[in-house]
Amino acid sequence: MDISKYPIVTTIKEVSKEYDIQVDLSGKSETSSLTKYLDGSIELEYTYDLIETDFYTPLFYSITITKDKTIKDAKENYKLSNDALGLVVNSFGQGTEEVTNMDLPGDENYYANRTYDGAPNGFLFSMREGVYSYSLIVSGIYMEDNSFIYDVILPEIQNLKDFDVME
């Protein structure tokens, strides 16, 4: 699938241009998928996963974007996804520290710094706007000033309501 057709997905290539980090740009560490469900909802996933490496910056970076059929479905799925994510990212020495003093878009949103053995090592960001949801998980990049969200992510997802299947 050609992820470049979806401008609301900030790829690892864009991240590496914005921040001076060494990442594998061969495509071998990236996956993407688009799933169309029978109820008409769609889900787009993009992941860069290269944690065990000596040459590149160890990094996990994952984006999931969904378009549900109804706002009710979107609210339910948003809550379920955040609850499940909370279970996963708060285990095996990992933790989260919610940040509540940020001005973030959406009808619902969540932002937290990720920790590993008590030290900051990434962040979580999710938002729901109408029937659209966006989720980002990052391990390996941490900015104390939250500039990554403001400078890189929010400008690209401002058009979340335009998300649809690109043929």
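What to note about this one:
- Unique residue being on the phi > 0 side of the Ramachandran plot and over 15 Å from the mean Cα position of the chain (by Cα) when the list is 95, 130: 130
- Unique residue being open to solvent by 40 Å² or more (accessible area, probe 1.4 Å) and more than 21 Å from residue 50 (Cβ to Cβ) when the list is 80, 154: 80
- The residue that is farthest from residue 143 (Cα to Cα), counting only those in segment 87-109 that are open to solvent by 60 Å² or more (accessible area, probe 1.4 Å) and at pLDDT 80 or above, is 107.
- Residue 127 being assigned to a loop (DSSP other than H, G, I, E, B) and of a type outside the set (Val, Ile, Thr): no
- The set of residues in segment 137-151 that are assigned to a helix (DSSP H, G or I), in contact (Cβ under 8 Å) with a residue 60 or more places away in the chain and open to solvent by 20 Å² or more (accessible area, probe 1.4 Å) contains only 151.
- Residue count for segment 1-27, restricted to those that are closer than 13 Å to residue 138 by Cβ, open to solvent by less than 20 Å² (accessible area, probe 1.4 Å) and at pLDDT below 90: 1.
- Filtered residue count, segment 16-40, keeping only those that are in contact (Cβ under 8 Å) with a residue 60 or more places away in the chain and within 27 Å of residue 130 (Cα to Cα): 2
The values are calculated or read from the model by the stated rules, or taken from the named source; none is laboratory data. Since we're looking at a predicted model, the values are computed, not measured. All Cβ positions, glycine included, derive from the backbone under ideal geometry; neighbour counts span all protein chains shown. Protein only, heavy atoms only, side chains kept; ligands, DNA and RNA dropped before computing areas. Shrake-Rupley method; radii C 1.70, N 1.55, O 1.52, S 1.80 Å.
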